[in-house]
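The values are calculated or read from the model by the stated rules, or taken from the named source; none is laboratory data. Given the structure is predicted, the values throughout are model-derived calculations rather than measurements. No Cβ is skipped: glycine too gets one built from the backbone with ideal geometry, and neighbour counts run over all protein chains shown. The accessibility values were calculated without ligands, DNA or RNA, using every heavy atom of the protein model including side chains. Shrake-Rupley method; radii C 1.70, N 1.55, O 1.52, S 1.80 Å.
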Amino acid sequence: MTSSGTNPPAPPAAGPSGAWETLLPAVSAPARARGRALQAALRESVRSGRLAPGTRLPSSRELAADLGVSRGLVTEAYEQLTAEGYLRSGRGAGTWVGGAARAALPRVRDLAPRSPGAVADFLPGTPDLSLFPRAAWSAAQRGVLAELPHHALGYPDPRGLPRLRTALAELLTRRRGVVADPERVVVVSGVAQATTLLGFVLHARGVRAVGVEDPGSPEHGTLYASAGLDAVPLPLDDEGLDTGALRASGVRAVVTTPAHQFPTGIAYSARRRAELLDWARAVDGLVVEDDYDGDFRYDRAPVGALQGLDPEHVAYTGSVSKSLAPGLRLGWLLVPASLAEEVVERKRTMDLGNPVIDQALLARFVERGDYDRQLRRCRREYRLRRDALVAALAEHFPGTEVSGIAAGLHAIAALPERYGPRGRFLASAGAAGVAVRALTSYTRAPVPDDVVRLVLGYAHVSPSRIREGVRAMATATARRGV
């Protein structure tokens, strides 16, 4: 509110795009029709919303000079449209676009992935966004804005702010056991950008194919395809990626999730990790380690990153998408020395670096211990939800085998055969308002229809909603006579 006798600040006058560019065709009309043409063009600009209500128009003298017409022609147009209600004016206050004409607002779509109206959303990949530490984040933001020097607001180092790269190197060395030289840390907009960056660099080196886990994240293949690389699916066994199939494929780059394989939930065995690195050394290849949820281990300390065993053959990437929020679009990429220069140059040409204030904010958040506190809080909450899911499945789907629960934010539920066929089960769950996805969504290998294995994301679902969702699926299944 404004104090008595004080007028609110005036909106800026319409710039050239709003005030005269749309009117220029009118001035080319024959002299006798020019006035009417100018009025019609100005009227249409208001109707269409190109001149929004409340916009201050140039004075008649200024607009006449811009258009190259007489001032009288503009004055007449202003007076006519004021009489019609399109414009309003006050003595000494100028001419404004009135509010009588309401342009139809363009439809703005929101393409963010959501499951609106679901009784329970068990789709994996999303943390509980209500756990975002708003108070601590706000305090860090105030501190950053107070201390950030003016020169830091210029274009940043494309690798990221030195302060953040240093903080991330210390954090990842301590928590994930990586070999992290701040000079080889690149701040990225999440794992997706890290993947694409590596894809472009590999393609420039003549690589045309990259191995991906099968089952695995569909995004890996899609992102590499955007860089011109073919995704070669490679099978898994109980220890991790099948290195025999990897050698036979002929690829020299492979993307993996060794700490907690997505979606099966297994951790690569020590033997398989060694075999994978032996392959990389033998072919001078590259292992891309997507450590998407490595901090979330519930039975013991998290499995260390593969990169720590051979930083010259492993590119390591992660983000705050699971620990804080995916909407922050902040992540990191640790690159081997042989790729560092090319990756940094590609990052520079891609976006000139990530937003400075966001980087400084995350650096402060890590330095002050807020990030560690957030991880501890999330682990406590997510373990409770995991336990609620396991208990609900045992109650409502007896005989179900649940795996992948030692870590991460999702579990695999293998239902007894009596709950098949799979398509019918999924249709019943959907009809009951439960968003759920089968393991078959993540593999190219054929799976018999009587096998019902579900990938259940639980981190973003409250314990009560977990129980409600599992009960709803069981009720829907009972109705069809299973």
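Give me the accessible area per residue for the range 305-363, probe 1.4 Å, as a whole number in Å².
33
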Worksheet item: If you take the square roots of the eigenvalues of the alpha-carbon gyration tensor of the range 287-384 and sort them as a ≥ b ≥ c, do you get rounded (a/c under 1.5), prolate (a/b over b/c) or oblate?
Response: oblate
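How would you order 274-282, 382-390 from highest to lowest mean count of nearby Cβ atoms within 10 Å? Intermediate values should be presented prior to the final figure.
Working: 274-282: 17.0, 382-390: 19.4.
Packing proxy ranking, top to bottom: 382-390, 274-282.
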Fill in: Antiparallel content of DSSP bridges confined to the chain, in %, to 5
60
Worksheet item: What does the helix-only formula give at 222 nm for the chain: each DSSP H stretch with n ≥ 4 adding -39500 (n - 2.57), the total divided by the residues, and the result rounded to the nearest 500 deg cm²/dmol?
Response: -13000 deg cm²/dmol
Item to complete: Distance between Cα centroids, the range 212-250 to the range 417-482: provide it in whole Å.
Response: 26
Worksheet item: Share of the range 230-276's accessible area from carbon and sulfur, percent, 1.4 Å?
Response: 50
Practice prompt. Using Cα pairs closer than 8 Å and at least 6 residues apart in sequence, work out the relative contact order for the range 88-212, in percent.
Written response: 12
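In the neighborhood of residue 174, defined by Cβ-to-Cβ distances under 12 Å, what is the net charge if each Lys or Arg adds +1 and each Asp or Glu adds -1? Walk me through the intermediate numbers first.
Details: positive: 175, 176; negative: 170, 295, 372.
So the environment of residue 174 carries a net charge of -1.
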Worksheet item: Going by a ≥ b ≥ c, the root eigenvalues of the Cα gyration tensor, does the chain fall in the rounded group (a/c under 1.5), the prolate group (a/b larger than b/c) or the oblate group?
Response: prolate
Worksheet entry | Label point distance in nm, residue 173-residue 40, each placed 7 Å from Cα along Cα→Cβ | 7.3
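Using a Förster distance of 25 Å, how high is the FRET efficiency between residue 107 and residue 142, based on the Cβ-Cβ distance and rounded to 0.05?
Numbers: r = 37 Å, r/R0 = 1.49.
Efficiency at R0 = 25 Å is approximately 0.10.
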Response to the item:
Nearest 10, in degrees from 0 to 90: the angle of helix 134-147 to the longest Cα principal axis of the chain is 60
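Given axes a ≥ b ≥ c from the Cα gyration tensor, I'd like to know whether the range 297-345 is rounded (a/c under 1.5), prolate (a/b larger than b/c) or oblate.
On the way: a/c = 6.00, a/b = 1.25, b/c = 4.80.
Oblate, because a/c is 1.5 or more while a/b does not exceed b/c.
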Item to complete: Per residue of the range 349-363, in order, report the coupling 6.51 cos²θ - 1.76 cosθ + 1.60 (Karplus, θ = phi - 60°) as ³J(HN,Hα) in whole Hz, putting x for Gly and Pro.
Response: 6, 6, 8, 6, x, 7, x, 5, 4, 4, 5, 5, 5, 5, 4
Item to complete: Give the ranking of 453, 114 by solvent-accessible surface, highest area first, calculated with a 1.4 Å probe.
Response: 114, 453
Worksheet entry | the range 340-455 - percent of accessible surface contributed by carbon and sulfur, probe 1.4 Å | 49
Discussion item. What number comes out for accessible area per residue over the range 106-239 if the probe is 1.4 Å? Units Å², please.
Written reply: 51
Item to complete: Give me the number: length gained by fully extending residue 372 to residue 447, i.e. 0.36 nm times residue separation minus the C-alpha to C-alpha distance, one decimal in nm.
Response: 22.9 nm
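In the range 38-112, carbon and sulfur make up what percent of the accessible area (probe 1.4 Å)?
Working: 2190 of 4590 Å².
Within the range 38-112, the accessible surface is 48 percent carbon and sulfur.
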Worksheet item: So, in Å, what gap is there between the alpha-carbon centers of the range 145-200 and the range 309-386?
Response: 7
